[in-house]
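To start, the structure itself, in structure tokens.
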Amino acid sequence: MQIMETNLTVPIAAENFEQAALQITTAADSGAEMLELRVDYLQDLSVGLVKKLVAEAKSNTSPQLPIIVTCRDKQQGGAGSYPEQLRIGVLVGAVESGAEFIDLEYENYLSAQNRERIDSALSKTSKTRLILSAHNFETKFADIDKLHTEILENCPEAIAKLVYTANNINDCFDGFDLLHKTSGECIVFCMGEAGLISRIIARKLGCFVTFASIDDKSVTAPGQLTIGELKNLYRYDSINSDTELFGVIASPVAHSLSPAVHNTCFQDIRANMLYLPLLVQGGKKGFDEFMHNVLDRKWLGFRGFSVTIPHKAHALDYVSGAGEFLESLAADIGAVNTLKIGLNGRVSGYNTDYAGAMNALVSAIGIKKRDLHNVDVAVIGAGGVGRAVVAGLTDVGAKITIYNRTVTKAQALAEEFKCKYAGLDTLSQIDAKIVINCTSIGMYPNVEATPLPQDYLKKEMVVFDTVYNPAETLLIRQAKQVGAKTVDGISMFVNQALAQFKIFTGRNGNAEIMNKIVFQAVHNK
């Protein structure tokens with residue numbers, strides 16, 4: 001099955017001709033392969049103004065870029081409340097001006113009067129094609145295949161464009177299936193954060209276009225990336241039908257630096273691999289559904305995942321329940337943060353947090369692991385990272401007390417590893433040599449939060465915050481203020497990411513590159 005080339009299209013959404021002309025130049029210079037003139041954003045819209053704008057786009061792009069002219073109905077996401085007859089007139093004018101494509105709502109095309117005007121204009125030229133679009137801003141289409149078939153039955157020459165909101169990442173798979181079946185002149189993608197990946201892998205699946213804005217201020221739909229993000233962070237130009245997919249499974253996921261780290265390192269070894277942010281919601285049920293969706297579609301090419309909050313236990317349960325390979329260390333810890341999909345869809349589970357945390361701690365304070373024997377350590381948090389840290393400290397014989405908001409969870413973990421536990425309300429009595437925060441408290445964007453008030457910190461302590469974004473959390477900053485020795489989360493993050501990279505690729509990652517990417521990212525917030 002031949003996969004069609006995807007056109008990276010930049011919407012031009014300006015209020016007047018001068019702004020539009022500037023955006024056209026910027027889009028072309030940024031690497032746009034096609035322009036969409038969103039003329040519904042224009043003030044004082046007229047057929048003459050649109051013809052002038054088409055002429056500007058054709059004369060001032062080199063090589064000349066194909067043009068879509070869209071005058072979106074307000075009911076389907078349009079910016080202006082222009083009357084229908086003007087909107088149809090504008091599209092007819094765009095055809096007369098030689099625009100390669102016009103985009104009309106399928107619902108409005110069904111009007112006999114509109115259809116007659118559009119078909120008549122198109123019949124007079126072979127230069128322009130019709131895109132018939134349908135949008136659902138609330139949820140996925142009830143039957144996307146049926147809608148696609150209906151559009152083409154009404155106008156076989158049209159390119160069907162079906163855009164819907166993904167309330168959950170699992171909503172995306174209907175769209176992926178349609179693209180896989182059509183592999184040609186079809187436009188399908190999902191709006192919203194959960195649908196972000198549909199815009200990135202559009203090129204892999206042969207979607208006719210994918211859209212990216214010039215900058216954050218000119219976004220025309222929820223979840224739209226900038227052309228810089230798509231080309232630089234997600235290596236758009238190197239994506240093809242054979243690209244292998246990886247990603248971080250998390251909720252939330254927008255803050256994750258893993259895509260930047262892994263994609264840069266994939267580029268470093270020239271691997272045809274792409275790493276995605278995967279917003280997987282809905283607890284264990286949502287996680288299991290996502291994994292089933294991925295494994296049922298081998299043609300998607302997913303090969304592995306990083307797993308973080310709140311899915312590390314779900315990943316462990318999934319691998320255990322599926323009868324797949326589970327690393328003994330991950331089983332002992334009770335959490336999986338790395339999944340690898342091998343031959344025949346075989347899923348393997350690992351934990352790289354253990355080594356990442358222990359190596360970060362001992363290297364930062366200049367000791368050997370054995371030097372932690374009988375040292376009093378307070379571990380705040382009983383989640384996936386907490387489990388890995390407690391397991392590592394137990395192995396070297398540290399004296400551990402686990403503090404957690406839900407005391408029963410701390411108790412269960414303490415009983416498993418034969419250590420002490422307490423609630424967060426007892427932190428005022430803390431008397432540990434080493435304090436390790438294993439919660440997400442203080443993580444970007446909630447940077448003014450801390451798991452441990454400054455009054456409880458002492459000069460004699462070593463304070464380790466596993467949160468890496470920001471690099472200097474409020475906990476770390478306040479610990480420095482009292483003179484305590486500190487360990488930030490960047491080294492832990494990089495250590496565990498290097499281990500994941502080796503599992504994903506079979507090759508060593510570049511620690512220098514990873515450190516540089518994380519450092520730059522967290523200091524540019």
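Key figures for this structure:
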{"quantity": "Subset of region 422-445 that is under 36 Å from the mean Cα position of the chain (by Cα), hydroxyl-bearing (S, T, Y) and at pLDDT 90 or above - its residue that is least open to solvent (accessible area, probe 1.4 Å)", "calculated": "T439"}
{"quantity": "Residues satisfying the stated conditions in region 371-393, i.e. modelled with pLDDT of 95 or more and either polar (S, T, N, Q) or surrounded by fewer than 22 Cβ atoms within 10 Å (Cβ to Cβ) (or both)", "calculated": "D371, H373, N374, V375, D376"}
{"quantity": "Tabulated pairs, region 504-520, first open to solvent by 30 Å² or more (accessible area, probe 1.4 Å), second assigned to a loop (DSSP other than H, G, I, E, B), C-beta under 6 angstrom, 6+ apart or interchain", "calculated": "R507/I269"}
{"quantity": "Matching residues in region 205-254 - criterion: being under 24 Å from D73 (Cβ atoms), among the aliphatic types (A, V, I, L, M) and free of Cβ contacts under 8 Å to residues at least 40 places away in the same chain", "calculated": "V219"}
{"quantity": "Check on L65, touching a residue at least 60 places away in the same chain (Cβ under 8 Å) and of a type in the set (A, V, I, L, M)", "calculated": "no"}
{"quantity": "Hey, P252 open to solvent by 40 Å² or more (accessible area, probe 1.4 Å) and outside any helix (DSSP H, G or I) or not", "calculated": "yes"}
{"quantity": "Sole exception among (1) at positive phi; (2) touching a strand residue (DSSP E or B) at 6+ places or on another chain (Cβ under 9 Å) for A322, by number", "calculated": "(1)"}
{"quantity": "In region 340-370, the residues that are farther than 21 Å from H314 by Cβ, open to solvent by 20 Å² or more (accessible area, probe 1.4 Å) and touching a residue at least 60 places away in the same chain (Cβ under 8 Å)", "calculated": "A355, N359, S363, A364, I365"}
{"quantity": "Scan of region 491-503 for residues that are aromatic (F, W, Y) and either closer than 14 Å to F246 by Cβ or surrounded by fewer than 21 Cβ atoms within 10 Å (Cβ to Cβ) (or both), ordered by number", "calculated": "F501"}
{"quantity": "Test result for G397, over 23 Å from G483 (Cα atoms), free of Cβ contacts under 8 Å to residues at least 40 places away in the same chain and either out of contact with any strand residue (DSSP E or B) (no Cβ under 6 Å at 6 or more places or on another chain) or buried (at least 21 other Cβ atoms within 10 Å of the Cβ) (or both)", "calculated": "yes"}
{"quantity": "Listing of strands (runs of 3 or more DSSP E) fully contained in region 430-525 that carry 1 or more residues being among the hydroxyl-bearing types (S, T, Y) and closer than 22 Å to I402 by Cβ", "calculated": "485-487"}
{"quantity": "Candidates L300, L279, L257 - the one that is farther than 11 Å from L339 by Cβ, open to solvent by less than 10 Å² (accessible area, probe 1.4 Å) and not β-branched (V, I, T)", "calculated": "L300"}
{"quantity": "In region 178-203, the residues that are closer than 19 Å to I239 by Cβ, open to solvent by less than 40 Å² (accessible area, probe 1.4 Å) and either touching a residue at least 60 places away in the same chain (Cβ under 8 Å) or not in a helix (DSSP H, G or I) (or both)", "calculated": "S183, G184, C186, I187, V188, F189, C190, L196, I197, I200, I201, A202"}
{"quantity": "Residue count for region 162-177, restricted to those that are crowded, with 24+ Cβ neighbours inside 10 Å and either farther than 15 Å from Q281 by Cβ or touching an Asp or Glu at 6+ places or on another chain (Cβ under 6 Å) (or both)", "calculated": "3"}
{"quantity": "A20 in contact with a Phe, Trp or Tyr (Cβ under 9 Å, 6 or more places away or on another chain), at pLDDT below 95 and on the phi < 0 side of the Ramachandran plot", "calculated": "no"}
{"quantity": "Unmet requirement for K140, which otherwise passes all of (1) out of contact with any strand residue (DSSP E or B) (no Cβ under 8 Å at 6 or more places or on another chain); (2) of a type in the set (K, R); (3) part of a loop (DSSP other than H, G, I, E, B)", "calculated": "(1)"}
{"quantity": "Count - residues of region 240-249 that are in contact with a Gly (Cβ under 6 Å, 6 or more places away or on another chain) and open to solvent by less than 10 Å² (accessible area, probe 1.4 Å)", "calculated": "2"}
{"quantity": "Test set (1) open to solvent by less than 30 Å² (accessible area, probe 1.4 Å); (2) free of Cβ contacts under 8 Å to residues at least 60 places away in the same chain; (3) within 22 Å of S363 (Cβ to Cβ) - N404 fails condition number", "calculated": "(3)"}
{"quantity": "Any hit, region 288-309, residues being at pLDDT below 95 and either touching a Gly at 6+ places or on another chain (Cβ under 9 Å) or outside any helix (DSSP H, G or I) (or both)", "calculated": "yes"}
{"quantity": "Number of the exception - D119 against (1) farther than 17 Å from N7 by Cβ; (2) in contact with a Leu (Cβ under 7 Å, 6 or more places away or on another chain); (3) open to solvent by 50 Å² or more (accessible area, probe 1.4 Å)", "calculated": "(2)"}
{"quantity": "Qualifying strands (runs of 3 or more DSSP E) (wholly inside region 324-408; at least 2 residues being within 20 Å of T466 (Cβ to Cβ))", "calculated": "376-380, 399-404"}
{"quantity": "Answer from D488, D465 - the residue that is in contact (Cβ under 8 Å) with a residue 12 or more places away in the chain, open to solvent by less than 20 Å² (accessible area, probe 1.4 Å) and within 14 Å of V362 (Cα to Cα)", "calculated": "D465"}
{"quantity": "Any hit, region 209-231, residues being closer than 23 Å to K340 by Cβ and buried (at least 22 other Cβ atoms within 10 Å of the Cβ)", "calculated": "no"}
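Conditions tested, residue by residue: (1) closer than 16 Å to H262 by Cβ; (2) not charged (D, E, K, R).
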| site | (1), (2) |
| --- | --- |
| V463 | no, yes |
| T466 | no, yes |
| V482 | no, yes |
| F493 | yes, yes |
| Q500 | yes, yes |
| T505 | yes, yes |
| N508 | yes, yes |
| K516 | yes, no |
| Q520 | yes, yes |
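The values are calculated or read from the model by the stated rules, or taken from the named source; none is laboratory data. Since the model is a prediction, treat every value here as computed from it, not as a measurement. For neighbour counting, all protein chains shown are included, and Cβ atoms are generated from backbone atoms with ideal geometry for every residue, glycine included. Areas reflect the complete protein model, heavy atoms only, side chains present, ligands, DNA and RNA absent. Shrake-Rupley method; radii C 1.70, N 1.55, O 1.52, S 1.80 Å.
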